[in-house]
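So the structure is just underneath, and the comments pick up after that.
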Amino acid sequence: MKKVLFLTVAACIAGLVLLGCQKSDDSAIRIGLISELTGDIPAVGASCKNAAEMAVKEINDAGGIDIGGKKYKVELFIEDSASKPDQAASAAQKLITQKNVIAIIGPNSSSNAIPASEIAESSKVVLITPWSTNPKTTLDAKTSAPKKYIFRAAFIDPFQGRVVAKFAMDNIKAKKAAVLYDVASDYNKGIAEFFKQTFEEKGGKIVAFESYTTNDKDFSAQLTKIKNAAPDVIFLPNYYNEVPLQVQQAHRLGIKVPFIGSDSWGSQDMIKLCGKDCEGYYFSTHYSAESATPVVKKFIEAYKKAYDGKVPDDVAALTYDSFGLLKQALAGAGKLDRQSVRDAMAKIPNYDGVTGKMQFKEGSGDPIKSAVILQIQDGKFVWFADAQP
Amino acid sequence: MTYFLQQGLNALQLGSIYALIALGYTMVYGILSMINFAHGDFFMVGAFICFVVVTFMGLPFVPAMILSIIGVSLLGVIVERAAYKPLRQAPRVSAIITALGVGIFLENFTLALSPYPKHIPAIIENTSWTFGGLTISSLQVIIILLSLALMTVLHFIVQHTRVGMAMRAISWDKNVVPLMGVPVNNVISITFAIGSGLGGAAGMMYGMAYPIIDPYMGIIVGWKAFIAAVVGGIGNIRGAVIGGYILGATEIMVAAFFPSTYRDFTAFSLLLILLIVRPYGIMGKPRPQKV
């Protein structure tokens, strides 16, 4: 009896293993996607996945990508990073070694993208992160030289910090600013420091530079401190799931000065979670859905059609552009191996995407591109200004 | 001075919530000598019940509060009957591991329903009053007063009713009291119902004060409340309340007068020192272990 049971179990396990090893279409280009599908920022992950699936479908519907005279279809392998740095790294490892992908798109948040980029760089696989803006993602941790295999579709935080600081001084006419940021997250910490640097260089004063750690819900102590320092403007470079709490608690404490934010505000969930409290505030981001260029219009139409009328946010647009970049690199590579893709990717001088014109300098994975400032008006993100690099 | 008072109010609000949750830990420990590590997740369920009844049924504050308390009480009783009771004679470690398992189950069950953070709409009119630089919001008043009211009711139940007397008796001696004809199982169920209900009330108030809720919200808050219960002297009801307010006050005051990055580090160092000085907690009494 025991033997039979043992054999059955063994057979089942063997069956499962074999199923797992099942070779899929050999002639397809295998692309990995790492996204924050669960965890703190699932709206980011969902947008990224939606745009990725849409981009792949468009490529395949058009017959695939022409590489060296032969058309290849694209197969997408999606991994969840759960918004955790360690899981992002193991997802990258899995895609590279088990799924044997030719390149990886994602992860999006900088705290996830940095560890994943380390794995991709050491395995010599191209990784394009759509949304990570922290400079460390594309720089070697020890030498600070640019990584060879890591690219991104977004601008970087020193630029964004400059844009927001300049906006606070010129448009809001702020002389004293306060910052409240998550000290445990690479993205928030990076941009807070760049904002501070630029704001002070331009003659402004940072009257409060307060921090908290991820998952904190009570900011009353820090906000009371900020209120006491009487700033003209408060900068919150935090994710859309925390900003509403901070703004609402500030209002309850009687803080009346305007708030400004960064591209982490740009999710539609932000409006759902914040409601009227965020009305009228500004943030910098990658693109405006109101932009009238034909590329943007086409993209928004297609996205709305595919996902019942949802307006694509910045993550979706950047993911779409990442696929566009990768597609151009693949077509230019001429061969289907990781090294050729990297070389072709590094040679792309500029790319005209949904999020605007990108310029790549030789040897750097960071595009030079413009930013936009949006305002929240009647529950919508409305274009306010462009900011050139 | 107003700055100090304002921070004091913040501390009272946070401390009230910690105190309510700490009560749940301490009551269960007092009666079963078991740490219900799923309690933080009961608290989370309370916030989610509030979200469901407010968003989908459009209920106002009072019925939502009652439903949250009843819902979590029921959950507590069911969990006790299904998961803890069969292990009452087993080694204590088994019960603790089961509690951890129940907690993970509740988190992932809620997560499986939807991974997106939820927003609880404002159910009470949010007004702020300013008295010479000191701002008090209606929410703060409600949380602080309601917590105090619930604690008073609890005090009355434990000290002045037959059930309360039975609870105190069981916590005094588990072996003799059943021989006196006290229905131990019922008393334990009632204890779980009250303790979990307080957790549910705390969850709802937390959800109103910090209206973005997610399935993992109970973990950190639960740990902190557990620490508050230990600092106050676990098993002692007054201790849990004192511990909750002490923890709330240390967290806020550290963030108010030091760089906020040091908050948890400093707050918990202070609590550790307190425990070194008084290992049984502030109100706890040493109980000699018989061999």
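The values are calculated or read from the model by the stated rules, or taken from the named source; none is laboratory data. Everything numeric in this text was worked out from a predicted model, so none of it was measured. When we count neighbours, we look across all protein chains shown, and the Cβ atoms used for this are built from the backbone with ideal geometry, even at glycine. Only protein heavy atoms, including side chains, enter the accessible area calculation; ligands, DNA and RNA are left aside. Shrake-Rupley method; radii C 1.70, N 1.55, O 1.52, S 1.80 Å.
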For n ≥ 4 DSSP H runs only, could you compute -39500 (n - 2.57) per run for chain A, divide by its residues and tell me the 222 nm figure to the nearest 500? -13500 deg cm²/dmol
Eigenvalues of the alpha-carbon gyration tensor of segment A:207-333, times 5 and square-rooted, give semi-axes in Å, largest first, of 35, 16, 13
Taking the simple approach of a point 7 Å from Cα along Cα-to-Cβ for both A:T214 and A:S122, what is their distance in nm? 2.0
Anything losing 40 Å² or more of accessible area from the isolated chain to the full protein assembly: pick those residues out of segment B:97-132, probe 1.4 Å, ligands and DNA/RNA ignored. B:P115, B:Y116, B:P117, B:H119
Using eta = 1.567 mPa s and T = 4 °C, Stokes-Einstein with Kirkwood Rh from Cα pairs puts D for segment B:107-164, in µm² s⁻¹, at 85
Taking only Cα atoms, what is the 0 to 90° angle, nearest 10, from helix B:39-55's long axis to the longest principal axis of chain B? 50
What residues of segment A:76-93 lie in the reach of a label at A:A306, counting those whose backbone N is under 17 Å from a point 7 Å from the Cα along Cα→Cβ? A:76-79
Here P(r) for segment B:66-196, Cα-Cα distances in 10 Å bins, as whole percents, is 10, 27, 30, 21, 11, 2, 0
Residues whose placed amide H lies under 5 Å from that of A:F235, excluding near-sequence neighbours: A:A178, A:V179, A:L180, A:I260
Mind checking segment B:210-291 for trypsin sites (Lys or Arg not before Pro) that DSSP puts in a loop (not H, G, I, E or B) and that have at most 10 other Cβ atoms within 10 Å? B:K290
Hey, any idea what the orientation-averaged projected area of the convex hull of segment A:233-294's Cα atoms comes to, in nm²? 4.4
Can you compute 3J(HN,Hα) from phi for each residue in segment A:329-336, using the Karplus curve 6.51 cos²θ - 1.76 cosθ + 1.60 with θ = phi - 60°, rounded to whole Hz and x for Gly and Pro? 5, 4, 5, x, 5, x, 10, 9
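Taking every pair of alpha-carbon atoms in segment B:118-259, give the share separated by more than 27 Å as a whole percent.
Taking all Cα-Cα pairs of segment B:118-259, the fraction more than 27 Å apart is 35 percent.
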If the reach is capped at under 21 angstrom between alpha carbons, list the lysines near A:K148, excluding any in the same chain fewer than eight residues apart. A:K94, A:K124, A:K136, A:K327, A:K335, A:K347, A:K361, A:K369
For the pair A:A331 and A:V295, the simple spin-label estimate (label points 7 Å beyond Cα toward Cβ) gives in nm 1.3
If I ignore ligands, DNA and RNA and count only protein heavy atoms, how much of B:L113 is accessible to a 1.4 Å probe, in Å² to the nearest 10? 130
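In the calculated pair distance distribution of chain A, what percentage of Cα-Cα distances lie above 32 Å? Display every interim value, and only then the final one.
Numbers: 26208 of 75466 pairs.
More than 32 Å apart: 35 percent of the Cα pairs in chain A.
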Taking θ = phi - 60°, what integer Hz values does the Karplus form 6.51 cos²θ - 1.76 cosθ + 1.60 yield along segment A:135-147, in sequence order, with x for Gly and Pro? x, 4, 4, 9, 10, 5, 5, 8, 9, 6, 7, x, 5
Using a Gaussian network for chain B with springs between C-alpha atoms less than 10 Å apart, which of these wobbles most: B:G203, B:G181, B:G222? B:G181
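Set the Förster radius R0 to 25 Å, insert the Cβ-Cβ distance between A:K175 and A:E279 as r into 1/(1 + (r/R0)^6), and round the FRET efficiency to 0.05.
0.55
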Which FRET efficiency value, to the nearest 0.05, is calculated for A:K99 and B:L272 with the Förster distance at 45 angstrom and r the Cβ-Cβ distance? 0.45
Restricting segment B:1-85 to chymotrypsin sites (Phe, Trp or Tyr not before Pro) in coil, as DSSP defines it, with at most 14 other Cβ within 10 Å: B:F56
Calculated over segment B:233-286: convex hull of Cα atoms, volume per residue (Å³): 60
Crossing angle, helix A:186-201 versus chain A [Cα axis fit, 0-90 degrees, rounded to tens]: 40
First select every other residue whose beta carbon is under 11 angstrom from the beta carbon of A:S35; then total the charges, Lys and Arg +1, Asp and Glu -1. -3
Would you compute, for the Cα atoms of segment A:123-195, the largest minus smallest coordinate along each principal axis and list the three values in descending order, in whole Å? 48, 23, 20
Ranked order, A:L95, B:L146 - accessible area, probe 1.4 Å, largest first: B:L146, A:L95
First check a/c for segment A:307-389, with a ≥ b ≥ c the square roots of the eigenvalues of its C-alpha gyration tensor; if it is under 1.5, answer rounded, and if not, answer prolate when a/b is larger than b/c or oblate otherwise. oblate
Inter-part distance where segment A:317-384 and segment A:110-144 are each reduced to a Cα centre, Å: 16
With the calculation restricted to Cα positions, what are the radius of gyration and Dmax of segment A:85-161 in angstrom? 11.5, 39
Over the Cα atoms, compute the radius of gyration (one decimal) and Dmax (the largest Cα-Cα distance, rounded to a whole number) for segment A:57-111, in Å. 13.9, 41
List the aspartates and glutamates whose alpha-carbon lies under 20 Å from that of A:K99, not counting same-chain residues fewer than 8 positions away? A:D25, A:D26, A:E36, A:E53, A:E75, A:E79, A:D80, A:D86, A:E118, A:E121, A:D337
For segment B:15-86, how big is Rg over Rh, using alpha carbon atoms and the Kirkwood form of Rh? 1.02
Enumerate the residues in segment A:155-197 having an amide nitrogen under 15 Å from the point lying 7 Å beyond the Cα of B:F265 toward its Cβ. A:183-185
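Provide B:R168, B:R162, A:R162, B:R92 ordered by accessible surface of protein heavy atoms (probe 1.4 Å), highest first.
From most accessible down to least: B:R162, B:R92, A:R162, B:R168.
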Sketch the reach of a paramagnetic label on B:A149 as a point 7 Å from Cα along Cα-to-Cβ, and name the residues of segment B:60-76 whose backbone nitrogen lies under 13 Å away. B:61-66
Please state, as a whole number in µm²/s, the translational diffusion coefficient that the Stokes-Einstein equation yields for segment B:200-249 at 4 °C and 1.567 mPa s, with Rh defined as the Kirkwood radius across alpha carbon pairs. 113
Give the Debye-formula value of log10 I(q)/I(0) at each listed q (0.15, 0.17 Å⁻¹), with one equal scatterer per alpha carbon of segment A:150-247, two decimals each. -0.57, -0.73
At a probe size of 1.4 Å, how large is the accessible area of A:D40, to the nearest 10 Å²? 60
C-alpha long axis of helix A:42-61 to longest principal axis of chain A, angle in °: 50
Can you return the lysines within cross-link range of A:K272? Criterion is Cα-Cα under 16 Å, with same-chain partners fewer than 8 residues away left out. A:K310, A:K380, B:K118
Let me know the whole percent of all Cα-Cα pairs from the protein assembly as shown that are separated by more than 45 Å. 29
Got a number for the accessible area of A:T214? Probe 1.4 Å, square angstrom, nearest 10. 50
Picking from B:L74, B:L12, B:L134, which is most flexible by a Gaussian network model of chain B using Cα springs under 10 Å? B:L134
Calculate the spin-label point distance for B:R88 paired with A:Q359, positioning each point 7 Å from the Cα along the beta-carbon direction, and give it in nanometres. 7.7
Taking amide H positions as placed in the peptide plane 1.01 Å from N, state which residues far from B:M34 in sequence (5 or more) or on other chains have amide H under 5 Å from it. B:Y29
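Which value, in Å³ per residue, describes the convex hull spanned by the Cα atoms of chain B?
143
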1/(1 + (r/R0)^6) with r = Cβ-Cβ of B:M1 and A:D378, R0 = 41 Å, i.e. FRET efficiency to nearest 0.05, evaluates to 0.50
I want the antiparallel fraction of DSSP beta bridges within the protein assembly as shown, as a percent rounded to 5. 45
If you look at just the Cα atoms of segment B:16-134, how large are its Rg and its Dmax in Å? 17.2, 59
Can you sort A:K3, A:K142, A:K327, A:K94 by 1.4 Å-probe accessible area, starting with the largest? A:K142, A:K3, A:K327, A:K94
